[in-house]
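Every read-out reported here was derived from the displayed coordinates using simple, explicitly stated rules and does not represent laboratory data. What you see is a predicted model, and the numbers here were worked out from it, not measured in a lab. When we count neighbours, we look across all protein chains shown, and the Cβ atoms used for this are built from the backbone with ideal geometry, even at glycine.
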Ligand code: PNS
């Protein structure tokens, strides 16, 4: 593994859509790694609200101020993406103990499979209740999501729901 890839990390997720909670994690992680690869994990069995291309465009927009962030997509095991890119660190945000319980087996499995380590970050406390699925539900039912997503994501979500 090269010096550069040693200091690279991957932040994986569905990002359907990206929230301010995700953005907080990107900002903090990008300041601590030489490169952060935000990767949309493609799950062929799960049809999201936004297409993968739309999610990539949204992630590109909300990380435009971070020169060391790159957006990627991957279908398959996350550890295979990490190996493909020569990345040894996965970044995951934790909002609460439910996230923790859900993430621990995946982190252990990913370590067992390839030795890739998972670093956990606490989310911004004011965003600990924010999830993509809750945002979609609130928006569908006419609630105001301004505080929880970037303006361009709010517009994209309202447009999508109006289709
Ligand atoms: O945003 P999400 O949906 O909570 O992200 C979960 C995700 C996509 C990061 C996780 O399900 C994942 O890593 N999937 C890729 C497939 C994989 O590697 N599965 C084995 C995990 S041990």
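Things worth noting here:
- Cα-based Rg of the stretch 64-103 normalised by 2.2 N^0.38 Å, two decimals: 1.46
- Maximal additional length on extending the residue 137-residue 112 stretch stands at 5.4 nm, based on 0.36 nm per residue less the C-alpha distance.
- For the stretch 63-163, the Kirkwood radius over C-alpha pairs fed into Stokes-Einstein at 10 °C and 1.306 mPa s yields D = 99 µm² per second.
- The stretch 13-87 and the stretch 126-157 have Cα centres lying 18 Å from one another.
- At an R0 of 30 angstrom, the distance between the Cβ atoms of residue 31 and residue 155 translates into a FRET efficiency of 0.60.
- Once the chain from residue 65 to residue 121 is taken as fully extended at 0.36 nm per residue, the excess over their C-alpha distance is 18.1 nm.
- Three principal axis lengths of the stretch 1-101 [C-alpha, angstrom, descending]: 38, 31, 26
- Computed over the chain: relative contact order in percent, which uses C-alpha pairs under 8 Å that are six or more apart: 28
- Whole-number percent relative contact order across the stretch 14-104, with pairs defined as alpha carbons under 8 Å at least 6 apart: 32
- Normalised contact order of the stretch 72-136, rounded percent, pairs of Cα under 8 Å and 6 or more residues apart: 39
- Residue 43 paired with residue 100, simple spin-label distance in nm, labels 7 Å along Cα-to-beta-carbon: 2.3
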